[in-house]
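The values are calculated or read from the model by the stated rules, or taken from the named source; none is laboratory data. Since we're looking at a predicted model, the values are computed, not measured. As a convention, Cβ positions derive from the backbone with ideal geometry for all residues, glycine included, and neighbour counts pool all protein chains shown. For the accessible areas, the whole protein counts, side chains as well, though only heavy atoms, and no ligand, DNA or RNA atoms are used. Shrake-Rupley method; radii C 1.70, N 1.55, O 1.52, S 1.80 Å.
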Amino acid sequence: MPVLAFPELAEWREKCTMYSLPEPPPVLVDVAASINEAYAEIEPANNLLARHRVMGLARAPLADHLVVLRRLAELDPASPFWETDVRAFEKARLEEIRSELRTCRENRDHEQLGKIQSELQRDNWRTVISKDLRQQVDHALQTTRAATGERLLREVLPELHAAYSAMNMAECKELLSRWDQIVQTSGMSVPPALDDEIRPVTQWIEEEDQKSRRTGEFEAACEILRQALDSDAPDTELE
């Protein structure tokens, strides 16, 4: 009966020759390689099947369960029921998203809306996602981000006013940097009323920066003049 490779094969052959015994059958290296490849292909699917069963028993979130189902469909394309299951789960997930969308709007949960938007933008959906749903998610995300951004800006205002009253230039610049970061992250347009609130601060900082630049330029010119005087430069150069 043919056998596979094992470490003591050379020793076995030597003993057979020594005692005039029949030569051992040839080692089926190709068979061994094929078996190893088969195990390597089956193992990921087995792990995913186990996760699939556990997720079903634990009623795992549909979004997470879909990740496993889609991978199973990729690993086992010969079984059409995986694709059927994926489409069924996608349909249920889209209905779930519509429900989540209402909750996110009420709670102004822009973080969850961002996750939903990213999920819908992936290219692994078998089900066609309606343009209406995509637009609803995009609009809700934009609205909630703007609302969150405005709330954060209003939280910065008291600190900014206090720093301005104290003429604390460094703190004012730090708070305005935070302000700009909030505006950029939220993608919002600053309401005119809030813009009016910070205008005196930004104007003051701009004026002080201009004074600082002019002072620096003046001091640099004085230093050039001093060096020219020290080196007894001609009158035309001094002028």
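The single condition among (1) closer than 28 Å to D109 by Cβ; (2) surrounded by 13 or more Cβ atoms within 10 Å (Cβ to Cβ) that Q181 does not satisfy is (2).
Residue check: S189 meets all listed conditions (1) under 25 Å from R59 (Cα atoms); (2) open to solvent by 60 Å² or more (accessible area, probe 1.4 Å); (3) in a loop (DSSP other than H, G, I, E, B) but one, namely (1). Within segment 212-239, the set of residues being open to solvent by 100 Å² or more (accessible area, probe 1.4 Å), part of a helix (DSSP H, G or I) and charged (D, E, K, R) comprises R213, R214, E217, E219, R226, D230, D235, E237. Residues that are in contact (Cβ under 8 Å) with a residue 40 or more places away in the chain and within 13 Å of the chain's Cα centre (by Cα) within segment 114-134 comprise just one, E119. Count of segment 127-150 residues, restricted to those that are open to solvent by 40 Å² or more (accessible area, probe 1.4 Å) and within 10 Å of R108 (Cα to Cα), is 2. Is it the case, given these coordinates, that L194 is closer than 30 Å to D64 by Cα, open to solvent by less than 20 Å² (accessible area, probe 1.4 Å) and touching a helix residue (DSSP H, G or I) at 6+ places or on another chain (Cβ under 8 Å)? So L194 does not fit the description; no.
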